[in-house]
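These notes are about the structure you will find just below.
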Amino acid sequence: MYQRSSSGRYFEILLFTLSSLLLYHTGVGLLLFLVPLQIVASRRGIRSLALAAGVFFAVFLIIRFWPAAFSKDHALPDILGTIEIGVVGVLLIGMIVVNLPLRRRPRTLVMLLAATALAGAAALPAAVWLSGIPAFQQSMDALFAEISKALSGVLAPAADTGAAAFFAQMLQPARLRQMSEAYLLRSLLADYAILLAFSWWAGQAAARRARALLDSTPGFRLSRFRLESGWLWPLIVSGALVLVDLFFGISVWAYAAWNIGLVLLFLFGLQGMAIVLFLFEKYRLPRLLWFLLVVGLVILAASPGAGLFIVLVIPVLGISENWIRYRIPHGAAPKADS
């Protein structure tokens, strides 16, 4: 319920902030912990969001440092714990940037990309700094040794000798670390943008459904999402650089090309899903079918066989709308492009 009094407002902010803290510390809730903060932003505005984010971060730091302050048996956060603190801080700042009420505020997409760019600017010096710290390298070696041991215990009972040898090679700590670092360095910004975009969408949708925004303009509708044709150029350039990296290698520039290309693929993927949702709404298909379709696509994207196909075909559908008009309302005749 929307609280109009000052005490009710602070109670509401506290409630959503505690919900965010609980989600962060409960496994899969890590992917959802920004949603309650976005609900605060949608219901109460940027000042309340800043207050909620500040309270969240303060309590988060207390949880991390409290044991060491009162017990000699507990040490201060190690290098990995310090990285976690930095990541949480960057995510909270990104949520604030997305909701900034600028006088001539650009569309939310631009704010999302601005937050992603700021995260990338913060990650670059952090990565250079961490690469020169021996304690970080030792912590990573120990972490992947534990991961390798856990995965080997799960995948060890393989009857096929060839498969057992393959898994034994792939699950070596050095090999796991190499693959993880290659993925992370190439997709860090895309992962950040996806998490931030999902949190913004889920939070503002939940606030709107709760009738907290009766006097505001209608919220975001995926079926209306569309990118201008100019977005194709950075996708083409980044895609060309990715191909050059695959065949010849372009060192550090490859990481920027991969990250930018994956962010744009995600955006055109959203446009592809917007086309599909528009057709569902146009022909009044049941919402359950849309939900099943999304779940099916997620499962297929995670599967080794069809994953790459799904990851590419949905963005290609979005890209093709630059030449093919899919979203034609009922009663409207297609218009030839001039």
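Coordinate-derived values only; no laboratory data. The structure presented is a predicted model; accordingly, all values stated were derived computationally and were not measured. Glycine also receives a Cβ, built like all others from the backbone with ideal geometry; neighbour counts cover every protein chain displayed.
Only residues of the stretch 84-101 count here: report those whose backbone N is under 13 Å from the spot 7 Å along Cα→Cβ of Leu143, or say none. Counting only backbone N, you get 84-88. Rounded to a whole number, what is D in µm²/s for the stretch 1-64 from Stokes-Einstein with the Kirkwood radius over alpha-carbon pairs (10 °C, 1.306 mPa s)? For these conditions, the coefficient is 135 µm²/s. When Tyr192, Tyr24, Tyr326 are arranged by Cβ crowding within 10 Å, least crowded first, meaning fewest neighbours, the order is Tyr326, Tyr24, Tyr192. In terms of other Cβ atoms within 10 Å, Arg284, Arg177 run from fewest to most in the order Arg284, Arg177.
As a proxy for reagent exposure, ranking Met140, Met179 by other Cβ atoms within 10 Å from fewest up yields Met179, Met140. A DSSP coil position with no more than 15 other Cβ atoms inside 10 Å describes the following chymotrypsin sites (Phe, Trp or Tyr not before Pro) in the stretch 245-321: Phe248, Tyr283.
For the stretch 221-338, the convex hull spanned by the alpha carbon atoms encloses 124 Å³ per residue.
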